[in-house]
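A short worksheet on the structure shown next.
We did not get these values from a lab; they are worked out from the coordinates using the rules stated. All values derive from a computational prediction rather than experimental measurement. Every residue, glycine as well, gets a Cβ built from its backbone with ideal geometry; the counts of neighbours run over all protein chains shown.
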């Protein structure tokens, strides 16, 4: 085992302070490490308010304590942390979108069931329900549209049928009211 492997193996994480690394050396490493992928010894010296000649001291420390290898491990670790955070945020967003879509569907169905032609634009309610279904499907990882094999989009006909049904109910209600009014005048 070479010295670099020994240094890394004896640390909890390779980017942690090495057993024989002084606080001053480790502080310099942390400044270097935390610069990210644009790090350099010259930038580290400048960030620590040291003259350009201090770069030689940093170079010696970087070789002695395997800064490049430790930083590579740290960068990979931070990439993994960022990836896990992003995946968690995507899972939360997906679940939220699915919940919201179901809630909108329920609201649209309730509004469609209680809507009258004058009070609510039923075609808009149906479109809201359709959009909510689309959001729920995509949030749950399904294709936006059902598989197209033998699929016919009846949404306009369903909406028209619903509107025709509403219109027929309204006409029946008006006829009943008219019949009642005529009956009461006899």
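Between residue 23 and residue 100, the modelled label-to-label distance comes to 5.0 nm, taking each label 7 Å out from Cα in the direction of the beta carbon.
The length gained by stretching the chain between residue 142 and residue 76 to full extension, at 0.36 nm per residue less their Cα-Cα distance, is 20.6 nm.
Placing dummy labels 7 Å off each Cα toward the beta-carbon, the span from residue 30 to residue 130 is 5.9 nm.
For the pair residue 38 and residue 12, the difference between a 0.36 nm per residue extended length and the Cα-Cα distance amounts to 6.8 nm. Sorted largest first, the spans of the alpha carbon positions of region 86-144 along the three principal axes are 47, 18, 12 Å. The label point for residue 59 and the one for residue 86, both projected 7 Å from the Cα toward the Cβ, are 3.6 nm apart. Among 18-27, 79-88, 103-112, the peptide with the highest mean count of other Cβ atoms within 10 Å heads the list, and the full ranking is 103-112, 18-27, 79-88.
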